[in-house]
Amino acid sequence: MFELVFLGTAASAPSAERGLSSALVLVREHRFMIDCGEGTQRQILRSGLGFRRLDKILLTHGHLDHILGLGGLASTLGRWEALEALHIWGGEPAIQRVHALMEVVFGPGNVPRAGISLNRLEPGVLHEDAHFKLTAFPVIHRGPGCFGFLFQEHTRRPFDVAKAEALGVPAGPVRRDLVAGKAVTLEDGRVIRPDDVLGPPVPGAKLCFVGDVARTGPLHKIVRGADLLAIEATYLEEDRAMARRHGHITAQAAARLARNAGVKMLVLHHVSRRYRTQDILAEAQPIFPNTVVASDLELYRVRKGRPVEVVRLGR
């Protein structure tokens, strides 16, 4: 299961209802923050999630509306939260900007190397464990070093209890070994193999997060079949020329991507204050009906084979 929390959903400048770009992806014991716009600290407090285990930050790119909150967050974590390390990943331009920002906060040459780790992001697997894999992939926006992020649970084969009982496989460690892919020998000498008791492979949940992006063409294969696709909707079709000039897409383009890639649910964010939410939905939903526009402090719970659950956090 993945939980996606939107802390800020505004594009370029905040509004009375929307803070600047930031989100959290919660996976088991892990917390991954994606971008950290100005005001993110307060949104974390309003959400009720707090700063605990907030040690991994992924940057879609280095524009100021996506990184300015990092200076204050790093200062707070270092002074008040006793965080041992803060690991930040981003493209080269983003990392250079963040380093300059940290020197403003801590003083030139005084950035705590043991506490703040700035890591250049490359396409490929960023994290993998027994349950899921996190992959960074390049996107086209303005300039190099722009990324999206894919969270995907591993494919698993469910244990078929009926088959196990028919074969006389006892409950306990023997079944656990079979789930782990190990053959077992029963007391009567029969050898039971995993294929004898495991069902067909079942893909895990798939969550794809894209920030600012100018073209959707390269994304179709990456986001295909995603249970939830979060992607920007900075402009509407009436301002398509402006969108192209600034390296963004329209709500209509996002909806076409979701439809053509077989996505289950589309969540639009990075919303300009020039548009009303109902206008964005009116453009996207005729193309892809299961489209919503994210609001600040909404949590989206993504489980394979179940409808996405939406929960409102804070007050």
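Of note:
- For Phe149: the one exception among (1) at pLDDT below 95; (2) assigned to a strand (DSSP E or B): (1)
- Lone qualifier among Ala253, Ala284, Ala205, Ala214 - being touching a Ser or Thr at 6+ places or on another chain (Cβ under 7 Å) and in contact (Cβ under 8 Å) with a residue 40 or more places away in the chain: Ala284
- Screening the candidates Val98, Val125 for the property of being within 22 Å of the chain's Cα centre (by Cα), modelled with pLDDT of 85 or more, among the β-branched types (Val, Ile, Thr) and outside any strand (DSSP E or B) yields one hit, Val98.
- There is no residue in the stretch 130-148 that is among the hydrophobic types (A, V, I, L, M, F, W, C) and free of Cβ contacts under 8 Å to residues at least 24 places away in the same chain.
- Residue list for the stretch 237-256, restricted to those being in contact with a helix residue (DSSP H, G or I) (Cβ under 6 Å, 6 or more places away or on another chain) and assigned to a helix (DSSP H, G or I): Glu237, Ala251, Gln252, Ala255
- Residue check, Arg224 at pLDDT below 95 and surrounded by fewer than 17 Cβ atoms within 10 Å (Cβ to Cβ): no
- Test: Gly181 is touching a residue at least 60 places away in the same chain (Cβ under 8 Å) and more than 22 Å from Thr9 (Cβ to Cβ): no
- Scan of the stretch 17-31 for residues that are under 14 Å from the mean Cα position of the chain (by Cα) and in a loop (DSSP other than H, G, I, E, B), ordered by number: Ser21, Arg28
- Single match in Gly78, Gly91, Gly72, Gly50 (criterion: within 30 Å of Ala130 (Cα to Cα), of a type outside the set (Ser, Thr, Tyr) and out of contact with any strand residue (DSSP E or B) (no Cβ under 7 Å at 6 or more places or on another chain)): Gly50
- Complete set of residues in the stretch 66-102 that are surrounded by fewer than 21 Cβ atoms within 10 Å (Cβ to Cβ) and in contact with a Ser or Thr (Cβ under 7 Å, 6 or more places away or on another chain): Ala85, His87
Every residue, every condition in (1) part of a loop (DSSP other than H, G, I, E, B); (2) out of contact with any strand residue (DSSP E or B) (no Cβ under 7 Å at 6 or more places or on another chain); (3) assigned by TED's automatic domain parsing to the domain that holds Val25; (4) surrounded by fewer than 18 Cβ atoms within 10 Å (Cβ to Cβ), yes or no:
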{"position": "Arg259", "(1), (2), (3), (4)": "no, yes, yes, yes"}
{"position": "Val267", "(1), (2), (3), (4)": "no, no, yes, no"}
{"position": "Pro286", "(1), (2), (3), (4)": "yes, yes, yes, yes"}
{"position": "Gly305", "(1), (2), (3), (4)": "yes, yes, yes, yes"}
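- Checking each residue in the stretch 32-65 for being assigned to a helix (DSSP H, G or I), crowded, with 23+ Cβ neighbours inside 10 Å and of a type in the set (Ser, Thr, Tyr) picks out only Thr40.
- Meets criteria (free of Cβ contacts under 8 Å to residues at least 60 places away in the same chain and closer than 23 Å to Met33 by Cβ) for Leu219: no
- Candidates are the residues of the stretch 152-167 that are without any contact (Cβ under 8 Å) to a residue 40 or more places away in the chain and not in a loop (DSSP other than H, G, I, E, B); the one that is farthest from Lys56 (Cα to Cα) is Ala166.
- The residues of the stretch 168-212 that are loosely packed, with under 13 Cβ neighbours inside 10 Å, in a loop (DSSP other than H, G, I, E, B) and among the hydrophobic types (A, V, I, L, M, F, W, C), listed by number, are Ala171, Ala180, Ala183.
The values are calculated or read from the model by the stated rules, or taken from the named source; none is laboratory data. Since the structure is predicted, the reported quantities are computational estimates derived from the model, not experimental observations. Neighbour counts are summed over all protein chains in view; Cβ atoms, including those assigned to glycine, are modelled from backbone coordinates with ideal geometry.
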